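**Q** There's a structure below that I have some questions on.
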Amino acid sequence: MASLNKICKRLGNQDVINNLSLDLSTYSITSLVGLSGCGKSTLLRIVAGLLPLDSGSVDINDTSQSVVFQDPRLLPWLTVEENLSLALPFRDAQKKKRISDALHKVRLDGIEHQFPRELSGGMAQRVAIARALMRDAKLLLMDEPFAALDVNTRSELQKMLVKLIKENQLNCLFVTHDLREAKLISDQLAVMQGGKIVTTFIKKPSGYPENMVPEVQKYFEMR
């Protein structure tokens with residue numbers, strides 16, 4: 001169970017999150033879209049426990065979570081294996097196998113001994129996703145993870161993410177400013193404006209409603 005209930009957050013004299021509620025457990029991937037400054041990343045940080053809320057609740061029970069940012073945040077002086085080992089308990093006897101399994105899931109077999117400088121941007125981000133999976137997280141929190149990648153790499157990782165989420169029965173809160181990306185990967189799309197969820201759309205077997213894109217674009221055009 002993962003849900004956000006009447007969350008409020010004030011920074012300085014501004015209400016950045018205002019009485020926001022959202023169900024994250026019913027849907028595999030919930031995309032959060034909206035203009036810059038609407039509160040998307042702030043909300044993700046609250047869910048991750050990186051920022052305290054003022055009121056309301058983040059109800060995730062015993063659901064473990066992990067965050068993937070736009071920057072993979074790999075330590076440059078460590079190999080891929082050494083970077084990933086930091087996500088595991090010090091005495092984990094299965095450490096090498098778990099690292100190998102995680103890299104296999106993101107289709108990066110055999111790169112354990114490479115350094116971050118030897119990886120492309122897409123490969124580095126896959127390592128970051130592998131690190132998140134190694135923590136046995138059931139809820140992935142992703143903040144514009146593919147925004148800095150080229151179109152082809154971005155498309156490849158979007159498809160990989162959807163497959164990983166479904167195969168591992170995870171939930172994901174995915175922050176993006178790209179409506180096309182949100183429409184492609186998610187089965188719930190929530191639009192934020194002024195710290196609130198102003199509308200949500202649910203993907204059916206036939207896809208999202210035909211009126212979704214023009215309806216969402218109205219909020220992107222509002223300044």
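**Q** Identify all aspartates and glutamates with a Cα-Cα distance to Lys6 below 15 Å; exclude those on the same chain that are fewer than 8 residues away in sequence.
**A** Straight-line reach from Lys6, under 15 Å: Asp15, Asp23, Asp54, Asp59.
**Q** What FRET efficiency would be calculated for the residue pair Met160, Arg135, taking the C-beta separation as r and a Förster radius of 22 Å, to the nearest 0.05?
**A** E(calc), rounded to 0.05, equals 0.75.
**Q** Then there's this: With θ set to phi - 60° and the Karplus curve 6.51 cos²θ - 1.76 cosθ + 1.60, what are the ³J(HN,Hα) couplings of the stretch 35-43 in order, to the nearest whole Hz, using x for Gly and Pro?
**A** After applying 6.51 cos²θ - 1.76 cosθ + 1.60, I find 5, 4, x, 7, x, 4, 5, 4, 4 Hz.
**Q** If you plug each phi of the stretch 18-25 into the Karplus form 6.51 cos²θ - 1.76 cosθ + 1.60 with θ = phi - 60°, what whole-Hz ³J(HN,Hα) values come out, in order, with x for Gly and Pro?
**A** Ordered by residue, 3J(HN,Hα) equals 10, 6, 9, 10, 7, 8, 10, 8 Hz.
**Q** Also, I was wondering about something else. Full-extension gain between Lys97 and Phe115, please, as 0.36 nm times their residue separation minus the C-alpha to C-alpha distance.
**A** Gain on stretching Lys97 to Phe115: 4.6 nm.
**Q** Sequence gap at least 6, Cα distance under 8 Å: using those rules, report the relative contact order of the stretch 3-221 to the nearest whole percent.
**A** Relative CO of the stretch 3-221 lands at 31 percent.
**Q** Roughly what percent of Cα-Cα pairs across the stretch 166-223 reach past 12 Å?
**A** For the stretch 166-223, the fraction of Cα-Cα distances above 12 Å is 70 percent.
**Q** Further question: Ser64 to Arg10: extension gain in nm, 0.36 nm per residue of separation minus the Cα-Cα distance? Show your work: numbers first, answer last.
**A** Numbers: separation 54, 0.36 × 54 = 19.44 nm, distance 2.61 nm.
That pair, Ser64 and Arg10, stretches by 16.8 nm at full extension.
**Q** Short version: ³J(HN,Hα) in whole Hz for each residue of the stretch 131-137, in order, from phi by Karplus 6.51 cos²θ - 1.76 cosθ + 1.60 (θ = phi - 60°), x for Gly and Pro, what are they?
**A** Ordered by residue, 3J(HN,Hα) equals 4, 5, 5, 5, 7, 6, 5 Hz.
**Q** Here is a follow-up. Note down, for the chain, the three equivalent ellipsoid semi-axes (square root of 5 times each alpha carbon gyration tensor eigenvalue), biggest first, whole angstrom.
**A** That gives 30, 20, 16 Å for the three semi-axes.
**Q** Show that you can apply the helix-only estimate: for the chain, add -39,500 (n - 2.57) for every DSSP H stretch of four or more residues, divide by all residues, and state [θ] at 222 nm to the nearest 500.
**A** -9500 deg cm²/dmol
**Q** Distance check, please: which entries in Lys40/Lys95; Lys95/Lys159; Lys97/Lys166; Lys95/Lys204; Lys138/Lys159 exceed 30 angstrom between their Cα atoms?
**A** Correct reply: Lys40/Lys95; Lys95/Lys204.
**Q** I've got another one for you. First measure r as the distance between the Cβ atoms of Ser36 and Glu215, then evaluate 1/(1 + (r/R0)^6) with R0 = 22 Å and state the FRET efficiency to the nearest 0.05.
**A** That gives a FRET efficiency of 0.65.
**Q** Also, quick follow-up: Please give the FRET efficiency for Glu81 paired with Leu51, using the beta carbon to beta carbon distance and R0 = 35 Å, rounded to the nearest 0.05.
**A** Working: r = 31 Å, r/R0 = 0.90.
FRET efficiency, Glu81 to Leu51: 0.65.
**Q** Another one. For His104 and Asp150 in one chain, what is 0.36 nm times their gap in residues minus the Cα-Cα distance, to one decimal in nm?
**A** 14.3 nm
Read-outs: derived from the displayed coordinates by stated rules, not from any lab. The shown structure was predicted, so the numbers you read here are calculated from the model rather than taken from an experiment. Quick reminder, even Gly has a Cβ in these numbers, built from the backbone with ideal geometry, and neighbours come from all protein chains shown.
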